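Let me begin by presenting the structure, written as structure tokens, before commenting on it.
The values are calculated or read from the model by the stated rules, or taken from the named source; none is laboratory data. Just so we're clear, the structure is a prediction, and the values are computed from it rather than from any experiment. Using ideal geometry, Cβ is built from the backbone for each residue, glycine included, and neighbour counts are taken over all protein chains shown.
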Ligand SMILES: [Zn+2]
């Protein structure tokens, strides 16, 4: 975007000149206005993109089994989602008579059990064909950042990893080796670091906006915010960020009532 | 069962009448009879043999009157001596789906663009999902408006406490601002999602004239800028 150039030049010019001239001030105000306009545009672009992704994911899987390609595109299309966007996807899939989990071809229990489903099961559970799918979807949802994608700093959002059962073969072995799901991780891995250097092939990020926001070179700042913004995501059952396995199921219901308000 | 049918029929009859009156108030070509159809007539035309209303039969379209076209014609500019009116045929559908998502709304949008309708009004029984509503701005310049059935049970413009709202043409708006030496941003505002703004289909930037009756001052007019 053309607007980026004036921002940098003004900051450099300011150092020698102690008293900003009228023209300087005007130019800086213009730069600020442009910066905000760009942010708003980025927000609109990403929101439109998320909507398109929801539409694409509505139709998956195309066959009776998800293909590795479909699994990969699911993981990459939800990258810019906030948790609420995934909820919106579940809602849309249910309207189409599909299980809330994108890679599942079955009907949700709200359809298969019928009108009684809502009092036999918790409100969140009826959106899926089974508890397995509900859990797989939660596994993805937990990884999604609460910060809207247009405000995310580069590297703050790790690539989305699917539940082990749904990972394409090669990635699966890699995940088994690391033995740790991404959302429990405390230190950055190679992927994170590549992302921070901007060497990721993932093309979703609005680079043109983010470049403006990189101020410090230090990596400690993004690391801190990552922890801070993860916290509201964690449930009350988490112990020092670790989610005991047995608590995961109760969590589904809790999370959904929160999101409904 | 037939009791339920007749209740549902009279409910939809009210909704249908309000919708037609709303279109007529905006300036579309509709006859007085159409806007005040009787319940018996409505039953004869739009109910099946069991007396249940058939929403898909209630679909209608209407063309703007020349007066409405004039109101929606932008001011002439150096490059554009004779601008086109920014209004055209309205297409109205009534949707009874229990759930309305992205796909349902996309279908309606597709019909609007295929048939080249300027405005589409979708009267829905259920609330569309938030994702579905996000489609609407992406359709511009095609205008899609969503109304919930329950919001059209009563014609709010006919309520005695609601003052008369009329849209100003671009010409009238210009004259108003010149007379008071105002910028449009200095006018009091009305949100485009205000019930009366929705009723008139106000667009951002338009100015509406509101005429109130007051016991002390008689009738007086005020103006609102739609945001
Ligand atoms: Zn499933």
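Listing for the model above:
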| item | result |
| --- | --- |
| Spans of helices (runs of 4 or more DSSP H) in segment B:55-149 with at least 2 residues within 14 Å of chain A (Cβ to nearest Cβ) | B:102-114, B:130-133 |
| Filtered residue count, segment B:8-52, keeping only those that are assigned to a loop (DSSP other than H, G, I, E, B) and under 19 Å from the mean Cα position of the chain (by Cα) | 6 |
| Residue list for segment A:128-145, filter: more than 13 Å from the ligand (Cβ to nearest atom) and over 15 Å from residue A:78 (Cβ atoms) | none |
| Scope segment A:39-76; condition in a helix (DSSP H, G or I), closer than 19 Å to residue A:98 by Cα and more than 14 Å from every other protein chain (Cβ to nearest Cβ); matching residues | A:70, A:71, A:73, A:74, A:75 |
| Subset tally (residues that are within 12 Å of the ligand (Cβ to nearest atom), within 14 Å of chain B (Cβ to nearest Cβ) and closer than 15 Å to residue A:143 by Cβ) for segment A:77-101 | 0 |
| Flag if residue B:201 is modelled with pLDDT of 90 or more, in contact with a helix residue (DSSP H, G or I) (Cβ under 9 Å, 6 or more places away or on another chain), more than 14 Å from chain A (Cβ to nearest Cβ) and surrounded by fewer than 18 Cβ atoms within 10 Å (Cβ to Cβ) | no |
| Criterion: within 13 Å of the ligand (Cβ to nearest atom) and either crowded, with 19+ Cβ neighbours inside 10 Å or at pLDDT below 90 (or both) - qualifying residue of A:122, A:110, A:118 | A:110 |
| Criterion violated by residue B:17 - all others in (1) without any contact (Cβ under 8 Å) to a residue 40 or more places away in the chain; (2) within 21 Å of residue B:156 (Cβ to Cβ) satisfied | (1) |
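The rows are residues; the columns are (1) in contact with a helix residue (DSSP H, G or I) (Cβ under 7 Å, 6 or more places away or on another chain); (2) closer than 30 Å to residue A:54 by Cα.
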position	(1), (2)
B:57	yes, no
B:62	yes, no
B:67	no, no
B:72	no, no
B:75	yes, no
B:83	no, no
B:90	yes, yes
B:94	yes, yes
B:100	yes, yes
